[in-house]
Amino acid sequence: MTTKRAMAWVGSILFGAVVTAVIIFPDIQIGPIAIGFGTTLEKFAYSNVLLLFLSMGSVAFIWLDYFLGTDYLKR
């Protein structure tokens, strides 16, 4: 159980960091769809970076808790 709980924490932190970086740093155009803002952390508000990281990490944590069966959140 401890390994599963560690996987849930580490996985959600990594997912939050990767998604935050993908949203902030790149500027990729795929037809009419744009991926990322193409900016830096200095130009992007720090509070927005934190909120983005926490929200994406929280979503990943909820799903990892469900799939791994760690029972942090009761069903």
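Each reported figure results from applying straightforward, stated rules to the coordinates on display, with no laboratory input. Since we're looking at a predicted model, the values are computed, not measured. Quick reminder, even Gly has a Cβ in these numbers, built from the backbone with ideal geometry, and neighbours come from all protein chains shown.
Only one of the numbered conditions (1) part of a helix (DSSP H, G or I); (2) in contact (Cβ under 8 Å) with a residue 24 or more places away in the chain is violated by residue 22, and that is (2).
Right, residue 37: outside any helix (DSSP H, G or I), without any contact (Cβ under 8 Å) to a residue 60 or more places away in the chain and surrounded by 12 or more Cβ atoms within 10 Å (Cβ to Cβ) or not?
Values: outside any helix (DSSP H, G or I): yes; without any contact (Cβ under 8 Å) to a residue 60 or more places away in the chain: yes; surrounded by 12 or more Cβ atoms within 10 Å (Cβ to Cβ): yes.
Here the answer is yes, as residue 37 does meet what is asked.
Considering only residues in the stretch 1-27 that are in contact with a helix residue (DSSP H, G or I) (Cβ under 7 Å, 6 or more places away or on another chain) and among the small types (Gly, Ala, Ser), the one that is surrounded by the fewest Cβ atoms within 10 Å (Cβ to Cβ) turns out to be 17. Out of all the residues in the stretch 63-75, which are free of Cβ contacts under 8 Å to residues at least 24 places away in the same chain and either basic (Lys, Arg) or surrounded by 13 or more Cβ atoms within 10 Å (Cβ to Cβ) (or both)? Across the stretch 63-75, the qualifying residues are 63, 66, 74, 75. If you go through the stretch 52-75 and keep only what is among the aliphatic types (A, V, I, L, M) and within 14 Å of residue 11 (Cα to Cα), you end up with 54, 56, 59, 60, 62, 64, 68.
Evaluate the following for residue 73: is it of a type outside the set (Phe, Trp, Tyr) and in a helix (DSSP H, G or I)?
On the way: of a type outside the set (Phe, Trp, Tyr): yes; in a helix (DSSP H, G or I): no.
Taking the combined requirement at face value, the residue does not satisfy it.
Considering only the stretch 48-61, I want to know if a residue exists there that is touching an Asp or Glu at 6+ places or on another chain (Cβ under 6 Å) and either surrounded by 14 or more Cβ atoms within 10 Å (Cβ to Cβ) or not in a strand (DSSP E or B) (or both). Checked the stretch 48-61: no residue is touching an Asp or Glu at 6+ places or on another chain (Cβ under 6 Å) and either surrounded by 14 or more Cβ atoms within 10 Å (Cβ to Cβ) or not in a strand (DSSP E or B) (or both).
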